[in-house]
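The values are calculated or read from the model by the stated rules, or taken from the named source; none is laboratory data. The structure presented is a predicted model; accordingly, all values stated were derived computationally and were not measured. Using ideal geometry, Cβ is built from the backbone for each residue, glycine included, and neighbour counts are taken over all protein chains shown. The protein model used for the area step is the full one, side chains on, heavy atoms only, and it has no ligands, DNA or RNA in it. Shrake-Rupley method; radii C 1.70, N 1.55, O 1.52, S 1.80 Å.
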Amino acid sequence: QVQLVESGGGLVQAGGSLRLSCAASGGTFSTYTMGWFRRAPGKEREFVAAISRIDAYTYYANSVKGRFTISRDNAKNTAYLQMNSLQPEDTAVYYCAASYLNYASNLADFGSWGQGTQVTVSS
């Protein structure tokens, strides 16, 4: 089973940007659809973005569409989440996840998870 480690979180002012990275090991990275989820304080974990394993098709939650960009580099076994125009409501722990499905956006679709990285956006 693939192991995932997130990095790149931190504190940023509203309107700022961060890029999260998800380094994978122990599996064949290119065979996984990669996703990002987040859990804000007092809320359930929610889908943010995903990138397909077969055609790199990307899809996003409506709340981040146009501001966040998911990408992957199969040669580096790494997925990324570029976050622009960050707002206080984006404050959350962000998790990277891997799925064997061609397309996935539900929590149950993802079998491997990282430990998460904190993103805090100040107003």
Which one, A50, A40, A92, has the greatest fluctuation when you compute a Gaussian network model over the chain with C-alpha springs under 10 angstrom? A40
Loop sites in segment 5-79: GluC sites (Glu not before Pro), DSSP, at most 10 other Cβ within 10 Å: E44
Tell me, what % of the accessible area of the chain is carbon and sulfur with a 1.4 angstrom probe? 47
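Less than 11 Å Cβ to Cβ from T58, Lys/Arg counted +1 and Asp/Glu -1: what total charge do the surrounding residues give?
+1
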Rounded to two decimals, what is the ratio between the C-alpha radius of gyration of the chain and 2.2 N^0.38 Å? 0.97
Cut-off 10 Å between beta-carbons: net charge of the residues surrounding W113, Lys and Arg +1, Asp and Glu -1: 0
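Please compute the per residue accessible area over the chain with all protein chains in place, 1.4 Å probe, rounded to a whole number of Å².
49
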If you average the C-alpha positions of segment 53-113 and of segment 1-40 separately, how far apart do those two centres end up, in angstrom? 7
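Relative contact order for the chain using alpha-carbon pairs under 8 Å, separation at least 6, rounded to a whole percent? It would help to have the intermediate numbers written out before the result.
Values: 324 pairs, mean separation 44.3, N = 123.
It rounds to 36 percent for the chain.
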Scan segment 7-112 for trypsin sites (Lys or Arg not before Pro) in coil per DSSP, keeping those whose Cβ has at most 11 other Cβ atoms within 10 Å, and list them by number. K43, K65
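Express in nm, to one decimal, how much length is gained between N74 and L11 on full extension, taking 0.36 nm for each residue of separation and deducting their alpha carbon distance.
19.9 nm
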Taking the Cα-to-Cβ direction at S123 and at R67 and moving 7 Å from each Cα, how far apart do the two end points lie in nm? 1.3
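Could you please report the charge total around N77, scoring K, R as +1 and D, E as -1 over all other residues with beta-carbon less than 14 angstrom from its beta-carbon? Walk me through the intermediate numbers first.
On the way: positive: R53, R72, K76; negative: E6, D73.
Taking every other residue near N77 into account, the sum is +1.
Dipole of the chain, Cα-centred, from +1 at each Lys and Arg C-beta and -1 at each Asp and Glu C-beta, to the nearest 20 debye?
Values: 10 positive and 8 negative charges, 19 e Å.
Dipole about the Cα centre, nearest 20: 100 debye.
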